[in-house]
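Enquirer: Quick one: this structure, given as structure tokens, is what I'll be asking you about.
The values are calculated or read from the model by the stated rules, or taken from the named source; none is laboratory data. Bear in mind the structure is a predicted one, so any value in this text is a computation, not a measurement. Backbone-built Cβ (ideal geometry, glycine too); neighbour counts: all protein chains shown.
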Amino acid sequence: MLEPSEILNASILIVDDQLANVQLLERMLRNAGYLRISSTMDPRAVCPQHLAHRYDLILLDLQMPEMDGFEVIEGLKKIETDGYLPVLVITAQPGHKLRALQAGAKDFVSKPFDLIEVQTRIHNMLEVRLLYRKLDNYNKVLEQTVLERTAELRESEARFKSFTELSSDWYWEQDALGKFTRTSGPVLEMLGLEPEDLHGNAGAPGTPASGRWNAAERAVLVANIASRQPFLDFVYSRSNDDGTIQYLQVSGEPMFDTECRFTGYRGIGMDVTDRMRREVSTQAVPAAGAVAPRPA
């Protein structure tokens, strides 16, 4: 909605080659409370003035020497490229009304003036014009906001991706059925898998279906997943073909849509085999100064 002050503060240009008509319209507008009123008796000055001031409304007489109102309208079309001409034509010729509307004018008033009719049409045109402009400005602000938010989201995603790549060996996402939907990093090489292995039902985030995984460890992880709980730095192991043990560490969180329906998990994974072997080796070495027990 518009405040009355917004309409009364709109910019208006009166164009008529008759001084008496210009004075009559100016007096009528000022008596009605309008504050920003300009006028010209030279139709050739209309386009340059509108280009400089972008009037909210132009009261345009059609019958003028040297350059009539129709020629002025054609010139204004080159300025108002959005197709909206804020022109209210003034004419004493009934046949000119339809032609003016077809040319792009938004309304008309007849001579001699009915001041009540003129005031009403001016008010209505200004209200539509200002609402139209306000909507256009709102759409531009909304479009700019969307662009800014999209840029922020992309920047955030880039930072998140960079962070996960620095802090882990791979990033993964799985759907509600446990199928991998997205991976990044050398997960295939590290797990010795083929691409098709990633599309099976994993049953545990960050791990493919194939492989000789420790059943007890996976059971703990699967139970955690069944309750839709996040997990942090969970370590589990698998037996490789050469008899060695491989250790993986995964962290993940459940994902939900806007209606709070579970859609899967996402997280990061690391191969911590070297670390775990060092820990196991350290635990297996007797502490310094320790005495081995004598046989009974």
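Enquirer: Only one residue in LEU24, LEU85 is surrounded by 14 or more Cβ atoms within 10 Å (Cβ to Cβ), at pLDDT below 95, assigned by TED's automatic domain parsing to the domain that holds ARG129 and not in a loop (DSSP other than H, G, I, E, B). Which one?
Expert: Being surrounded by 14 or more Cβ atoms within 10 Å (Cβ to Cβ), at pLDDT below 95, assigned by TED's automatic domain parsing to the domain that holds ARG129 and not in a loop (DSSP other than H, G, I, E, B) holds for just one of LEU24, LEU85, which is LEU24.
Enquirer: Check region 57-74 and report whether any residue there is in contact with a Pro (Cβ under 7 Å, 6 or more places away or on another chain), more than 26 Å from ASP114 (Cβ to Cβ) and surrounded by 12 or more Cβ atoms within 10 Å (Cβ to Cβ).
Expert: Checking region 57-74: at least one residue is in contact with a Pro (Cβ under 7 Å, 6 or more places away or on another chain), more than 26 Å from ASP114 (Cβ to Cβ) and surrounded by 12 or more Cβ atoms within 10 Å (Cβ to Cβ).
Enquirer: Determine if region 7-17 includes at least one residue that is assigned to a helix (DSSP H, G or I) and within 39 Å of the chain's Cα centre (by Cα).
Expert: yes
Enquirer: Moving on. Go through SER227, SER251 for me and flag whichever is modelled with pLDDT of 80 or more and buried (at least 17 other Cβ atoms within 10 Å of the Cβ).
Expert: Result: SER251 is the single residue among SER227, SER251 that is modelled with pLDDT of 80 or more and buried (at least 17 other Cβ atoms within 10 Å of the Cβ).
Enquirer: From the list ARG44, ARG30, which one is of a type in the set (D, E, K, R), part of a helix (DSSP H, G or I), closer than 18 Å to GLU117 by Cα and modelled with pLDDT of 90 or more?
Expert: Answer to the selection: ARG30.
Enquirer: Let me ask something additional. Against the condition aliphatic (A, V, I, L, M), assigned by TED's automatic domain parsing to the domain that holds ASN9, under 39 Å from the mean Cα position of the chain (by Cα) and at pLDDT 90 or above, how does ILE58 come out, does it pass?
Expert: So ILE58 fits the description; yes.
Enquirer: Which condition does LEU59 not pass, out of (1) part of a loop (DSSP other than H, G, I, E, B); (2) under 25 Å from ASN31 (Cα atoms); (3) touching a helix residue (DSSP H, G or I) at 6+ places or on another chain (Cβ under 7 Å), if it passes all the others?
Expert: Every listed condition holds for LEU59 apart from (1).
Enquirer: Scan region 27-38 residue by residue and report those that are out of contact with any Leu (no Cβ under 6 Å at 6 or more places or on another chain) and crowded, with 17+ Cβ neighbours inside 10 Å.
Expert: LEU29, the sole residue that qualifies.
Enquirer: Could you tell me whether region 47-54 includes any residue that is of a type in the set (A, V, I, L, M), touching a helix residue (DSSP H, G or I) at 6+ places or on another chain (Cβ under 8 Å) and closer than 20 Å to LEU130 by Cβ?
Expert: Within region 47-54, not a single residue is of a type in the set (A, V, I, L, M), touching a helix residue (DSSP H, G or I) at 6+ places or on another chain (Cβ under 8 Å) and closer than 20 Å to LEU130 by Cβ.
Enquirer: For the structure I just gave you, tell me whether ASP82 is more than 25 Å from LEU24 (Cβ to Cβ), free of Cβ contacts under 8 Å to residues at least 60 places away in the same chain and acidic (Asp, Glu).
Expert: yes
Enquirer: Let me ask something additional. Determine if region 110-119 includes at least one residue that is of a type in the set (Val, Ile, Thr), in a strand (DSSP E or B), touching a helix residue (DSSP H, G or I) at 6+ places or on another chain (Cβ under 8 Å) and touching a residue at least 24 places away in the same chain (Cβ under 8 Å).
Expert: Within region 110-119, not a single residue is of a type in the set (Val, Ile, Thr), in a strand (DSSP E or B), touching a helix residue (DSSP H, G or I) at 6+ places or on another chain (Cβ under 8 Å) and touching a residue at least 24 places away in the same chain (Cβ under 8 Å).
Enquirer: Tell me yes or no: at least one residue of region 260-275 is more than 17 Å from TRP172 (Cβ to Cβ), in contact (Cβ under 8 Å) with a residue 40 or more places away in the chain and out of contact with any helix residue (DSSP H, G or I) (no Cβ under 6 Å at 6 or more places or on another chain).
Expert: Taking every residue of region 260-275 in turn, none turns out to be more than 17 Å from TRP172 (Cβ to Cβ), in contact (Cβ under 8 Å) with a residue 40 or more places away in the chain and out of contact with any helix residue (DSSP H, G or I) (no Cβ under 6 Å at 6 or more places or on another chain).
Enquirer: Which condition breaks for LYS97 when tested against (1) over 14 Å from VAL46 (Cβ atoms); (2) crowded, with 20+ Cβ neighbours inside 10 Å?
Expert: (2)
Enquirer: Also, quick follow-up: Which of the numbered conditions does ALA52 fail, given that it passes all the others? Conditions: (1) within 45 Å of the chain's Cα centre (by Cα); (2) under 18 Å from ILE116 (Cα atoms).
Expert: (2)
Enquirer: Next question. Return only the number of the condition from (1) under 20 Å from ALA20 (Cβ atoms); (2) in a helix (DSSP H, G or I) that TYR138 does not satisfy.
Expert: Only one criterion in (1) under 20 Å from ALA20 (Cβ atoms); (2) in a helix (DSSP H, G or I) is unmet by TYR138, namely (1).
Enquirer: So how many residues does region 69-82 have that are at pLDDT 90 or above and assigned to a loop (DSSP other than H, G, I, E, B)?
Expert: Qualifying residue count for the region: 2.
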